[in-house]
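Some notes on the structure that comes next.
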Amino acid sequence: MADECLFDFLHMEIVSHMYTEQQSSKGEMDNKDRAVCVSVLESMGFRVGQGIIERLTRDSPSFKDELDVMKFVCKDFWTKVFRRQVDNLRTNHQGTYVLQDNKFSFLTQLSSGKQYLDQAPKYLAFSCGVVRGALSNLGMDSVVTAEVSVMPSCKFQVVVQKL
Amino acid sequence: MSRQSNRTTDSKKMNSELFTLTYGALVTQLCKDYENDEEVNKQLDKMGYNIGVRLIEDFLSRSSIGRCQDFRETADVIAKVAFKMYLGTTPSVSNWSPAGDEFSLILENNPLVDFVELPDNHSTLVYSNLLCGVLRGALEMVQMAVDVRFAQDTLRGDNVTEIRMKFIKRIEENLPAGDE
């Protein structure tokens, strides 16, 4: 059983590696490079999310509806991946959900306030991918974005894509 | 109550799966980014080194291990305390060289490789090379230069996973020029 902090260290190093690699080939990062890094991290998270949700829901019965799925994500899934539950779930009942986590595990060590706010997106990309991957394997195609205004609180916005 | 305890043991195992899956995603991404396995091995070692130099702080603050007197003690601490604390497995220490500067860690099970199979076109990939970097980085922070490599790997068909560690030298602390 791997220790929790190993995952934190690994995540930090993955983010750092992706950004250094992108930077070294160009010399200076522009918005396009940043977008590439974010999308690579997000796609890694996607694969992980798919795997995790498979293991987590192996023995559970199927979900009644979308809201049921989101509640599961906010409680069991969030506990497993981010070691706490989502503090607040809001929805417009038309496919958009906002999950608010007031002590997001990857941000607690960065700052508690406005310092390093511009660095926060790097550490959220992977997590957005994990959520998107999990939802995808539960049958919900979605777009997941995250925003931070005050660390370590952050809001994940999930917009479910209707076919 | 029993459901509660199921949850906690499950959650510890789950975190291990999270780590394993993330590591797998990382190796896959590196294989896509770099053309050959040698490069990937090098990158994994480098990343492991960066993790190791930080992990040692966490280790020293959580265990109350003092300074090791010799390399044998170091080996025991690595196997019985560090591996147990971080990976939940205790490798055995064996194959000491006559000079006492080289030994092997034999791991019966390696949590990094749960669910993993190496495809044929990556036969020279050292999948768990991150571990070598971590050990190297961590020991460098406690003034030991070591060489770490995988001698056997279950992913490549061997029965056990064997990590070979060789002591190179003690790193002297360098005082900045101009001090005393």
Order A:43-51, B:146-154 from most to least packed using the mean count of other Cβ atoms within 10 Å.
A:43-51, B:146-154
Only Cα pairs within less than 10 Å get springs; with that Gaussian network setup on chain B, which residue of B:Asn15, B:Asn95, B:Asn50 has the largest fluctuation?
B:Asn15
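Here is the link list: A:Lys80/A:Lys155; A:Lys32/A:Lys162; A:Lys80/B:Lys80; A:Lys32/B:Lys42. Which ones come out longer than 21 Å on Cα distance?
Numbers: A:Lys80/A:Lys155 18 Å; A:Lys32/A:Lys162 29 Å; A:Lys80/B:Lys80 27 Å; A:Lys32/B:Lys42 27 Å.
Beyond 21 Å between Cα atoms: A:Lys32/A:Lys162; A:Lys80/B:Lys80; A:Lys32/B:Lys42.
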Average beta carbon contacts from partner chains per residue of B:23-29, 10 Å cutoff:
6
In the range A:88-141, trypsin sites (Lys or Arg not before Pro) in a DSSP loop with at most 13 other beta-carbon atoms within 10 Å
A:Lys114
Quick check: residue separation of A:Lys75 and A:Asn102 times 0.36 nm, minus the Cα distance between them. What number comes out in nm?
8.3 nm
Which distance in nm do the two modelled labels at A:Asp59 and A:Asp87 give, with both placed 7 Å along the Cα-to-Cβ direction?
3.3 nm
Determine, from the Cβ-Cβ distance of A:Ser153 and B:Ala145 and an R0 of 56 Å, the FRET efficiency 1/(1 + (r/R0)^6), rounded to the nearest 0.05.
0.80
Residues of the range A:76-100 with backbone N under 12 Å of the label point set 7 Å from the Cα of A:Val143 along Cα→Cβ are none
If the convex hull of the alpha-carbon atoms of the protein assembly as shown is projected onto planes in all directions, what is the mean projected area in square nanometres?
22.3 nm²
Placing +1 at every Lys and Arg Cβ and -1 at every Asp and Glu Cβ, with all other atoms neutral, what dipole size does chain B have around its Cα centre, in debye to the nearest 20?
720 debye
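What size of dipole, in debye to the nearest 20, comes out for the range B:92-160 about its Cα centre when the only charges are +1 on Lys and Arg C-beta atoms and -1 on Asp and Glu C-beta atoms? Walk me through the intermediate numbers first.
Working: 3 positive and 10 negative charges, 27 e Å.
Its charge dipole is roughly 120 debye.
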Give me the distance in nm between label points sitting 7 Å out from Cα along the Cα-to-Cβ direction at B:Ser63 and B:Glu173, one decimal.
2.1 nm
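For the range A:4-160, what does the relative contact order come out to in percent, with C-alpha contacts under 8 Å and a separation of six or more?
Details: 219 pairs, mean separation 43.4, N = 157.
So the answer I get is 28 percent.
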Chain A, Gaussian network, Cα under 10 Å: of A:Leu135, A:Leu117, A:Leu107, the residue fluctuating most is A:Leu117
First compute the accessible area of the protein assembly as shown with a 1.4 Å probe, then give the percent of it belonging to carbon and sulfur atoms.
48 percent
Suppose each label sits 7 Å from its Cα in the direction of the beta carbon; what would the B:Gln152-B:Asp33 distance come out to in nanometres?
3.3 nm
Report the relative contact order of chain B, percent, no decimals, based on alpha-carbon pairs under 8 angstrom and at least 6 residues apart.
24 percent
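The values are calculated or read from the model by the stated rules, or taken from the named source; none is laboratory data. Here the structure is a predicted model, which is why all the values come from computation and not from measurement. Positions of Cβ are generated from backbone atoms using ideal geometry, with glycine treated the same way; all protein chains shown enter the neighbour counts. To get the accessible areas, we keep the full protein, side chains included, count just its heavy atoms, and leave off ligands, DNA and RNA. Shrake-Rupley method; radii C 1.70, N 1.55, O 1.52, S 1.80 Å.
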